[in-house]
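Asks: Handing you a structure now.
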Amino acid sequence: MATIVYVDGFNLYYGALKGSSLKWLDLEAFRHALLPHEQVTLIRYFTAHVSGKVDGGAPARQETYLRALALSPSVRIHYGNFLSNTTRMPLANPRPGGARTVAVIKTEEKGSDVNLASHLLWDAFAGRCKTQVLISDDSDFAEPLRIAHDEMGMRIGVINPHRRVPTRSLNAHADFTKQVSVSALASSQFPDPLITVGRKPISKPTTW
């Protein structure tokens, strides 16, 4: 029974990886840890190129990780857009007679959610798998999961990367659910350095 895994990259990062030493994550090893009995034929990873406005080293660190990830034969990387701009936002508690707004750098990711939902439904429609596993806690995916499960007969799994209570709207359409654990992340790291055939080894960014 073929299984495709859909990874919401930013949701996984902010839910389980940010602030940890476990960002050097091998998605193939990770899916073996989480789904040892599934016949996974494809892992779709959805992300966007980050901006360097706030952290000048972030783009280089991300690019290093994406180069490592691209070596995994079952992984396909799908890109949205990461937008960053300066805007003014109201202060929650402005001082009397003082400014009521402040300039902030606003960053937002565009396109990855639409890309993930589109590929999930297209894979179901094309009959590429019988099981679809979503790694995300984003309730925006509730309707695509409902369609895949109820209208197309897909077996659905939802893996929550956050420590908070799982989103009920996602789990309502899931045949099984799991929680990302620190032990699964820790056991699924790329070697450092990652040896490649005919190329220079890829080393984990030192500032991670």
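Each value in this text was obtained by applying a stated rule to the coordinates, not by laboratory testing. Everything quoted here is computed from the prediction, not taken from an experiment. Neighbour counts run over all protein chains shown; Cβ positions are idealised from the backbone, glycine included.
Asks: So if I place +1 on the C-beta of Lys and Arg and -1 on the C-beta of Asp and Glu, and nothing else carries charge, what would the dipole magnitude of the chain be about its Cα centre? I want it in debye, nearest 20.
Replies: That gives a dipole near 660 debye.
Asks: Tell me the net charge near C129. Cut-off is 15 Å between Cβ atoms, C129 excluded, with +1 for each Lys or Arg and -1 for each Asp or Glu.
Replies: With Lys, Arg at +1 and Asp, Glu at -1, the net is +3.
Asks: Continuing with the same structure: With only alpha-carbon atoms in the gyration tensor, what are the semi-axes of the equivalent ellipsoid for the stretch 57-205, in Å, largest first?
Replies: Those come to 33, 27, 16 Å.
Asks: Could you give the angle, 0 to 90 degrees to the nearest 10, between helix 112-126's Cα long axis and the longest principal axis of the Cα atoms of the chain?
Replies: Around 20 degrees separate the two axes.
Asks: With contacts defined as alpha carbon pairs under 8 Å and 6 or more residues apart, what's the relative contact order of the stretch 1-159 in percent? Could you put the intermediate results ahead of the total?
Replies: Numbers: 238 pairs, mean separation 44.2, N = 159.
Value for the stretch 1-159: 28 percent.
Asks: Per-residue ellipticity at 222 nm for the chain, helices alone: DSSP H runs ≥ 4 residues times -39500 (n - 2.57), over residue total, nearest 500 deg cm²/dmol?
Replies: So the helix-based figure for the chain works out to -6500 deg cm²/dmol.
Asks: Also, quick follow-up: Relative to the Cα centre, what is the charge dipole magnitude of the stretch 143-208, using +1 at the beta carbon of each Lys and Arg, -1 at the beta carbon of each Asp and Glu, and rounding to the nearest 20 debye?
Replies: Once rounded to the nearest 20, the dipole reads 320 debye.
Asks: Less than 16 Å from a label point 7 Å out along the Cα-to-Cβ axis of K18: which backbone N atoms in the stretch 46-68 qualify, by residue?
Replies: Only 47-56, 58-59, 62 fall inside the zone, counting backbone N under 16 Å.
Asks: Over all alpha-carbon pairs in the stretch 20-102, figure out the percentage whose distance exceeds 14 Å.
Replies: The answer is 74 percent, as a whole percent.
Asks: Just rank W208, W122, W24, fewest to most, by other beta-carbon atoms within 10 angstrom.
Replies: Lowest count first: W122, W208, W24.
Asks: Past 30 Å, Cα to Cα, is the threshold; run K53/K178; K130/K204; K23/K53 against it and keep the listed order.
Replies: Over 30 Å Cα-Cα: K53/K178; K130/K204.
Asks: Counting Lys and Arg as +1 and Asp and Glu as -1, what is the net charge of the other residues whose Cβ lies under 14 Å from the Cβ of I202?
Replies: Neighbour charge sum, excluding I202 itself: +3.
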